[in-house]
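This report refers to the structure that appears directly beneath it.
The values are calculated or read from the model by the stated rules, or taken from the named source; none is laboratory data. Keep in mind the model is a prediction, meaning the values are calculated, not measured. Using ideal geometry, Cβ is built from the backbone for each residue, glycine included, and neighbour counts are taken over all protein chains shown. Side chains included, ligands, DNA and RNA excluded: accessible areas come from the protein's heavy atoms. Shrake-Rupley method; radii C 1.70, N 1.55, O 1.52, S 1.80 Å.
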Amino acid sequence: MRTQFPVFLLWLMLVPASVPAYTQVHDSSQKSQTSNSLYTQKSQTANGLYAQGGETANGLYAQGGESTSSLHAQAQPAGVRQAEADAAKKQADAAKIQADAQADVTGVEKTEAELMKQYACKYRAAEEPAKRLVLANEFFGHLYQTGYIDEPIVFPAGAHMDSVDVNVWFYISEWYYYEGEYGLAVQYAKRAEEHCTSHVDEISKSDVYSQLGSAYFRASDYEKAAEALLKSYEIDRKSGDYDRLSSTLNGIGCVFVAGGKAPEAEKYVMEGIAANALTNNLSRRAVLFGTASEMYKAIGDNPKALQYATGALEIARETGDSSKIGVRLSQVANVQLGMGQVEDAKRSLAEAMPLLQESGNLHSYGICMNQMGDILANEGKTEEATDYYREAAGIFLRQKDMRNELHSREGLYRVTKLTLPGEAMLHLERAKVLQDSIYRQETGEALGKYNAIYYNDILQEKQQQAEHQKRVILWTSITLAVVVLFIIIIGVTTAWRYHKRKQTDYEQDLNSLKGQYDEVNKHYRNLVTEQMKENTGMTDDDRLFIGELIDAINTEAEKGIVSIDKIADHMHISVVTLRRRITRTLSMTPQAYVLQVRMHKAKYLLENYRDITIAEVSERCGYSQVPNFTRAFQKYYGISPKEARAK
């Protein structure tokens, strides 16, 4: 059985929540409504084209089947032939209505698509910065006038062109993404990535990587999607913005689930849910729950999948967004089918489909139609199932979603092969075309990976040859050096002994300093341990954690770099976990506790090691500049380091 493309595609992998620098951040729901209006028009057009194709096929079939199966037509009883002719006429009438509707929207759609193409070509061809700036403002003025963005975006004369370029290519990529042109969305997102220089802020770079990952995802290139989204994750993790971080983690989870690696997705999705818990964004929580549901269903844990799908549905009902409610109901139905709860699934789908249709969410609507078609086909209600499959096939044909269209075509073949064999053959032929296309796509990806490995092997072989030549040259040089060294050995003996003595002195000093360091750390840790014993609320695990935390802070301070990220890496835990443990255990912020450890260590060194200079104390506590250390110490204790030593 073929696995249909996951329901979460529309809601879990939409473009990033925020936009690059110089842009006005607009509400994603409003943007989706604008895009859906264009999207709905184009879907109607596609359905019209599909209907025309169906009309042609049915016409050939209704003419008596002379060119396909005249013997079959002659062998059929008159009543059966009449029923087939009536069904064909009904389909032809519906096709004509859809074709008429198509004619009304084709002109508008073509004009909008041509305008976008013209803007992209003009901007790409413009070499002078001043001209590109004028074109950029003209482009964003058009987006504002058409309602694609909520507020006008204007770049000042002094704007750096990298920032301007990033915004233009980002929005063109986003436009093609919403139009279902995922190949073009990838192309223009990559152009935006080329301009992510030091002149572009980190958040904008994250948005570009997120857009690129989303486009790759919808183009079914999961490996590149994960690569782009992981870059966005690294930026968002450092930013401390938990809402952005949870969004990016959700996207990574979606990629792994769609790529057949659901177990690997779990750590990212769960971290995303934990990050979201630190925010008040219920909408994002629903999305994460939806991803978790799809993930656990893929893993095979249906009870957990239903738990998260139900949680996402409850949040969607609270917001009152009909499209989101429809998507969540579709997810619930998908899990219910997996658990054998067919009647419950039918009720969920019956509630979901009108909501999705009214909101313009045709992708999820089409998936629901396929699901309902499957249920009805299994119940033997082939005529009703045919209607559902046909509508779904038209939607996915327009959206170029080969996997879901293949699901529809295979369903149509099953339910029409006995009653409408001519139509069934057309669906079977289309299914074969889709299977071949999917196979070629997957084979091409596999071949590309093979070629990459093959050429890497060739490159590695050449590198090994170069290394061999280097070794020959190296050993020749060493031999000559030994000869020269032997000749001058007598002259350098005295110098060698001198350096040896210096080295011994250095090692003794180093061992002495190491002993002082170990003694200071041991004393301070014992002191803190005694203080922690007085805190009866701490568990043994908490005390162990604090001890390891102190060691990490002191180690990083000796290196001269003290940051929460470095401490977390030293302890092999995430920054989110570190912050949460410190806050819960010590009732203070991580920064405050790090400062406390550094100041206590400084005070201990000043009072007990008077042979160490204040500059050395500053350095060993992680301060590269003595004035900075002096200010921090005086602010913390109310006295200067010199006064502390005098006591």
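Can you find even one residue in region 157-178 that is free of Cβ contacts under 8 Å to residues at least 40 places away in the same chain, in a helix (DSSP H, G or I) and touching a Ser or Thr at 6+ places or on another chain (Cβ under 7 Å)? Looking through region 157-178, at least one residue is free of Cβ contacts under 8 Å to residues at least 40 places away in the same chain, in a helix (DSSP H, G or I) and touching a Ser or Thr at 6+ places or on another chain (Cβ under 7 Å). When region 109-145 is filtered for residues that are exposed (fewer than 12 other Cβ atoms within 10 Å of the Cβ) and aliphatic (A, V, I, L, M), the ones remaining, listed by number, are Ala125, Ala130. In this entry, Val327 is excluded by the filter for residues that are closer than 24 Å to Ser408 by Cα, free of Cβ contacts under 8 Å to residues at least 60 places away in the same chain and crowded, with 24+ Cβ neighbours inside 10 Å.
To keep it simple, each residue is scored yes or no on (1) touching a helix residue (DSSP H, G or I) at 6+ places or on another chain (Cβ under 9 Å); (2) of a type in the set (Ser, Thr, Tyr); (3) modelled with pLDDT of 90 or more.
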{"position": "Tyr209", "(1), (2), (3)": "yes, yes, yes"}
{"position": "Leu212", "(1), (2), (3)": "yes, no, yes"}
{"position": "Ala219", "(1), (2), (3)": "yes, no, no"}
{"position": "Leu230", "(1), (2), (3)": "yes, no, yes"}
{"position": "Asp236", "(1), (2), (3)": "yes, no, no"}
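Looking across Thr493, Thr539, one residue alone is at pLDDT 70 or above, on the phi < 0 side of the Ramachandran plot, among the β-branched types (Val, Ile, Thr) and open to solvent by 60 Å² or more (accessible area, probe 1.4 Å). It is Thr539. When region 270-296 is limited to residues that are hydroxyl-bearing (Ser, Thr, Tyr) and at pLDDT below 90, the one that is least open to solvent (accessible area, probe 1.4 Å) turns out to be Thr279. Does region 318-336 contain any residue that is part of a loop (DSSP other than H, G, I, E, B), of a type in the set (A, V, I, L, M, F, W, C), out of contact with any Phe, Trp or Tyr (no Cβ under 7 Å at 6 or more places or on another chain) and under 30 Å from Glu384 (Cα atoms)? Within region 318-336, none of the residues are part of a loop (DSSP other than H, G, I, E, B), of a type in the set (A, V, I, L, M, F, W, C), out of contact with any Phe, Trp or Tyr (no Cβ under 7 Å at 6 or more places or on another chain) and under 30 Å from Glu384 (Cα atoms). When residues of region 583-598 are filtered for being of a type in the set (A, V, I, L, M, F, W, C) and more than 15 Å from Glu556 (Cβ to Cβ), how many remain? The total comes to 3. Within this structure, Val335 fails the test of being open to solvent by 40 Å² or more (accessible area, probe 1.4 Å) and either free of Cβ contacts under 8 Å to residues at least 60 places away in the same chain or within 23 Å of the chain's Cα centre (by Cα) (or both). A search for C-beta distances below 6 Å between a residue of region 418-440 that is crowded, with 17+ Cβ neighbours inside 10 Å and any residue that is part of a helix (DSSP H, G or I) and modelled with pLDDT under 85, counting only pairs 6+ apart in sequence or on different chains, returns Gly422/Tyr61; Leu426/Ala57.
Residues that are in a helix (DSSP H, G or I) and either open to solvent by less than 10 Å² (accessible area, probe 1.4 Å) or without any contact (Cβ under 8 Å) to a residue 12 or more places away in the chain (or both): does region 146-155 have at least one? No: region 146-155 contains no residue that is in a helix (DSSP H, G or I) and either open to solvent by less than 10 Å² (accessible area, probe 1.4 Å) or without any contact (Cβ under 8 Å) to a residue 12 or more places away in the chain (or both). For the residues Gly180, Gly259, the requirement of being of a type in the set (Gly, Ala, Ser) and open to solvent by 20 Å² or more (accessible area, probe 1.4 Å) singles out Gly259. Filter region 378-396 for residues that are under 36 Å from the mean Cα position of the chain (by Cα) and open to solvent by less than 50 Å² (accessible area, probe 1.4 Å); which is nearest to Ser437 (Cα to Cα)? Across region 378-396, the extreme among qualifying residues is Phe396. Restricting Tyr148, Tyr178 to those that are modelled with pLDDT under 85, more than 20 Å from Ala226 (Cβ to Cβ) and within 18 Å of the chain's Cα centre (by Cα) reduces the list to Tyr178. Residues that are open to solvent by 10 Å² or more (accessible area, probe 1.4 Å), among the hydroxyl-bearing types (Ser, Thr, Tyr) and within 16 Å of Gly394 (Cβ to Cβ) within region 338-373 comprise just one, Tyr365. With respect to Tyr389, is the statement that it is within 27 Å of Ala309 (Cβ to Cβ) and modelled with pLDDT of 90 or more true? Yes: the conditions hold for Tyr389. Tell me, yes or no, whether region 239-255 has at least one residue that is among the hydrophobic types (A, V, I, L, M, F, W, C) and open to solvent by 10 Å² or more (accessible area, probe 1.4 Å). No, the conditions are met nowhere in region 239-255.
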